[in-house]
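Colleague: Below are the structure tokens for one structure; questions will follow.
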Amino acid sequence: MRGAQLDFLFFGSRCLRWLLALSIAYPLLAAHALAQASPRAEALLTRHSALQSQLAASVLGRPLLIESEELPEGLRGEVFAEVEQPFAQVAQALAQPSHWCEMLLLHVNNRRCKLIKGEGGAPALELAVVRRYDLSVESAFILPLAVRVDRGAPDYLVVELSSESGPMGTSSHQVRLEAVALPGTDKSFLHFSYSYQHTALARMATQAYLATFGRHKVGFTVLGQSAQDGPDYIRGLRGLVERNAVRYFLTVEAYLDAMRASPAQQAERRLENWYAGSERYPRQLHEIDRATYLAIKRADRSAAPVRP
């Protein structure tokens, strides 16, 4: 019996030493990962560290945070998320401009996308957008988007889509995505932002719509809790930009997740992924039933397939 007690004590002391060593080593390893990162990757990893507790406790049921801001002349929505794909795979997928056409077309209001040559021969996109999903593609406005991909560092990616002009009194549209590898995991951390400017008249018209026909629409930021009605979500302009930012982020996530399927199945899997992702948040994002969404997107794909 005494021998067993000694064995237990010996084993326990070894466990304590191992746990002590691990508690010392883990911060050092994390610091080493930051030290080895490029400056921009380090900045994004520092942002992730600052948000880690909020990501872990997100009310959205996953490591996902949404922020929004009313700018002096516009709006910005931001999404921070951990995704279950290694950085090399994320970077390979998102660095190709033609892939962004495939992603953007998942959004319910985007009906056509074409890869073109922009200023100086740089890659650009022409995106056809309808005001409502039930309008014909002939009513769409064309949003030209310059594409800038920066892979100057092996551990960091940034992609920017930008347009100086926009519909209905808007301008300076920008979609920006940053990605970095999370050290010691097969995950990546994404920072996605969507912003635009609007004229005073466009702002007033949007506010009037949101106060009347769109008064039931909400965003994701929780302002408070009601015992009867549950969360009190933000509304108005910030609610609007939060919904759009999440819809566009979901196009990226749906594309990445579909890469696990065979090439022949990926187009259909992307549609299923985007719809399922949006239906996780029906209070904010539900607009269309699954059958109608799939029918519209399949018809669009047959009429104008994306070509690299």
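The values are calculated or read from the model by the stated rules, or taken from the named source; none is laboratory data. Since the model is a prediction, treat every value here as computed from it, not as a measurement. A quick note on method: Cβ atoms are made from the backbone with ideal geometry, for glycine too, and the neighbour counts reach across all protein chains shown. The area values use the complete protein model at the heavy-atom level, side chains included, leaving out ligands, DNA and RNA. Shrake-Rupley method; radii C 1.70, N 1.55, O 1.52, S 1.80 Å.
Colleague: Ratio to report: Rg/Rh of the chain, with Cα atoms as the point set and Rh obtained by the Kirkwood method; give two decimals.
Modeller: Details: Rg = 22.8 Å, Rh = 21.5 Å.
Dividing the radius of gyration by the Kirkwood radius yields 1.06.
Colleague: Would you mind telling me the share, in percent, of accessible area of the chain contributed by carbon and sulfur at probe 1.4 angstrom?
Modeller: Values: 9320 of 16510 Å².
The computed percentage sits at 56.
Colleague: What is the magnitude of the charge dipole of the chain about its Cα centre, with +1 placed on the Cβ of each Lys and Arg, -1 on the Cβ of each Asp and Glu, and no other charges, expressed in debye to the nearest 20? List each step's numbers first, then the result.
Modeller: Numbers: 34 positive and 31 negative charges, 76 e Å.
Its charge dipole is roughly 360 debye.
Colleague: Give the ranking of LYS114, LYS297 by solvent-accessible surface, highest area first, calculated with a 1.4 Å probe.
Modeller: Working: LYS114 110, LYS297 10 Å².
Sorted descending by solvent-accessible area, the residues read LYS114, LYS297.
Colleague: What is the sum of charges, Lys and Arg at +1 and Asp and Glu at -1, for the other residues whose Cβ falls under 13 Å from the Cβ of SER58? Mind dumping the intermediate values first?
Modeller: Numbers: positive: ARG62, ARG280; negative: GLU67, GLU82.
Around SER58, the charge tally is 0.
Colleague: Counting Lys and Arg as +1 and Asp and Glu as -1, each charge on the Cβ, what is the dipole of the stretch 114-163 about the Cα centre in debye, to the nearest 20? All intermediate terms of the calculation are to be shown ahead of the outcome.
Modeller: Details: 6 positive and 7 negative charges, 17 e Å.
Here the size comes out at about 80 debye.
Colleague: Under a GNM of the chain (C-alpha, springs under 10 Å), which listed residue has the highest mean-square fluctuation: ARG76, ARG269, ARG215?
Modeller: Among ARG76, ARG269, ARG215, the largest GNM mean-square fluctuation belongs to ARG215.
Colleague: Same structure again: As a test question: what accessible area, to the nearest 10 Å², does PHE220 have when a 1.4 Å probe is rolled over all protein chains in place?
Modeller: About 20 Å², ignoring ligands and nucleic acids.
Colleague: Under a GNM of the chain (C-alpha, springs under 10 Å), which listed residue has the highest mean-square fluctuation: GLY219, GLY120, GLY169?
Modeller: GLY120
Colleague: If Lys and Arg each add +1 and Asp and Glu each add -1, what is the summed charge of the other residues whose beta carbon sits under 14 Å from the beta carbon of PHE213?
Modeller: +4
Colleague: If you don't mind, another one. So with the 1.4 Å probe, I'd like the accessible area per residue for the chain, rounded to whole Å². Write out the running numbers ahead of the final one.
Modeller: On the way: 16510 Å² over 308 residues.
Accessible area per residue: 54 Å².
Colleague: Mind checking which lysines have their Cα closer than 22 Å to the Cα of LYS297? Skip sequence neighbours fewer than 8 apart in that chain.
Modeller: Straight-line reach from LYS297, under 22 Å: LYS114.
Colleague: Anyone know which of HIS198, HIS286, HIS107 comes out most mobile in the 10 Å Cα GNM of the chain?
Modeller: Residue with maximal mean-square fluctuation among HIS198, HIS286, HIS107: HIS286.
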